[in-house]
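Asks: To start, I am sharing the structure in question, which I have written as structure tokens.
The values are calculated or read from the model by the stated rules, or taken from the named source; none is laboratory data. Since the structure is predicted, the reported quantities are computational estimates derived from the model, not experimental observations. Glycine gets a Cβ as well: all are built from the backbone with ideal geometry, and neighbour counts include every protein chain shown. The accessibility values were calculated without ligands, DNA or RNA, using every heavy atom of the protein model including side chains. Shrake-Rupley method; radii C 1.70, N 1.55, O 1.52, S 1.80 Å.
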Amino acid sequence: ATLPGLLCNMDIISFRSGHMQSLCGVLQTRQDEGLAASCRQGTGKCSISRENICRSCRFDKSAALGITYDGPMRLRANPPVTLLRRVGKELRLMIARRREREFELIRTIDHLIVPHPREKLFIVRASASTVSTIAMEESLVFFVQAFPSLAKIADKEKELIFKDYFIKLRIVLCFYLTNKLFGDLDYQFFVKMGSVVTCHDDDVPIDFYYPDHHENKEALENSIRSFHDESGPVLMPLFLKSELTEREFFALAALVLSEHEDLAISEYAEKVIRDVRNEILRDLQGYYQTEMGLNNFAVRLGNLMSLAHIILEYQSHYKEIMRYFSTFFEVYNTDKIMNNFVL
């Protein structure tokens, strides 16, 4: 048996029909949010049928018949943005800003073009210290925007934390971009990203990087190769073995914040940094379970923590090399800004 519909000219076959569910949706939305819909025909007199379902007229006719929605109201509040997603968003924005600024700089200096099927990449002389300036300025913007809880720390301590963090962030970004841009190409072990659009290529002669004639240039070249030979075989294979997703790279950029040695900061500042680390780990757990569908993610998380610790060791080695260069190869030390910032 069927019942004649009061609202429309269709017989009611089931109270769970799609038509009734759709009506509930209209009533709920209008009552919950006070949203006003306009009549499709502009007359406010549409017939309610399968062929002509005007949301405005259907609501008006329902109200005239005393039909209201008394079910549960939907909450349309946006879900909170996790710290992990915030870090990812700010990292992408930083990369975009740096790319634009670095392109502008490279137009004005000598450079080589790196053959790449998708991106415009360059090799620049070691004297292009402005690239480092751009990196520091934009990394500071990222530091402030990505970790708002650090605003509670004293300015002097924030400065110490950022100076310690900058090199670690640069290392993460270097390997992230190297993996992203060269991970599927044969020459990934020979070309490494030095910034967002500049690379270091082991096969490019040192005379391009340092064109002026000085003594001990051969010793300098051997030192540079030694540094890359010692650090590359440790970090790059672990990055490749870990097969990090983009979200895990973003997490790594946050986790290295809490990896430091002998940083002269207060217990409160240490707690704020630990809280950042713990929040990232909670977000990672949710990412592994809900988005990757993993019940056991111990190996992936272990790889991330190992990378964070090795990056700390890499940072220490990098500082030692910088001190060595500044002592024995001062004449080649054209990037004074980086030298003063790191040491």
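Asks: If you take the residues in the stretch 236-273 that are of a type in the set (A, V, I, L, M, F, W, C) and in a loop (DSSP other than H, G, I, E, B), which one is surrounded by the most Cβ atoms within 10 Å (Cβ to Cβ)?
Replies: By that ranking, first place goes to Leu244.
Asks: Let me ask something else about it. Restricting to the stretch 292-304, and then to whatever is free of Cβ contacts under 8 Å to residues at least 12 places away in the same chain and either at negative phi or in a helix (DSSP H, G or I) (or both), can you tell me which residue is surrounded by the most Cβ atoms within 10 Å (Cβ to Cβ)? Let's see the steps before the verdict.
Replies: Our first condition is that a residue be free of Cβ contacts under 8 Å to residues at least 12 places away in the same chain; within the stretch 292-304, this holds for 293-296, 298-299, 302.
Remaining after also requiring either at negative phi or in a helix (DSSP H, G or I) (or both): 294-296, 298-299, 302.
Working: Leu294: 15, Asn295: 6, Asn296: 8, Ala298: 9, Val299: 10, Gly302: 11.
Ranking the qualifying residues of the stretch 292-304, first place goes to Leu294.
Asks: Right, here's the next one. Cβ-Cβ distance below 8 Å, separation of 6 or more or different chains: which pairs start in the stretch 143-159 with a residue that is in a helix (DSSP H, G or I) and end on one that is of a type in the set (S, T, N, Q) and open to solvent by less than 80 Å² (accessible area, probe 1.4 Å)?
Replies: Matching pairs, first to second residue: Glu157/Ser266.
Asks: Let me ask you something else. List pairs: first residue in the stretch 269-280 and within 17 Å of Val144 (Cα to Cα), second residue open to solvent by less than 70 Å² (accessible area, probe 1.4 Å) and of a type in the set (S, T, N, Q) anywhere in the structure, Cβ distance under 7 angstrom, at least six positions apart or on different chains.
Replies: If the second residue must be open to solvent by less than 70 Å² (accessible area, probe 1.4 Å) and of a type in the set (S, T, N, Q), the pairs left are Val272/Ser149; Ile273/Ser258; Arg274/Ser258; Asp275/Ser149; Val276/Ser149; Val276/Ser258; Arg277/Ser258.
Asks: Using the structure shown, decide if Val87 is within 23 Å of the chain's Cα centre (by Cα) and at pLDDT 95 or above. Please lay out each step first, then the result.
Replies: Working: within 23 Å of the chain's Cα centre (by Cα): yes; at pLDDT 95 or above: yes.
For Val87, the condition - within 23 Å of the chain's Cα centre (by Cα) and at pLDDT 95 or above - is met.
Asks: Hey, another quick one. All but one of (1) in a helix (DSSP H, G or I); (2) more than 29 Å from Asn303 (Cβ to Cβ); (3) open to solvent by less than 30 Å² (accessible area, probe 1.4 Å); (4) modelled with pLDDT of 70 or more hold for Phe175; which doesn't?
Replies: For Phe175, the failing item is (2).
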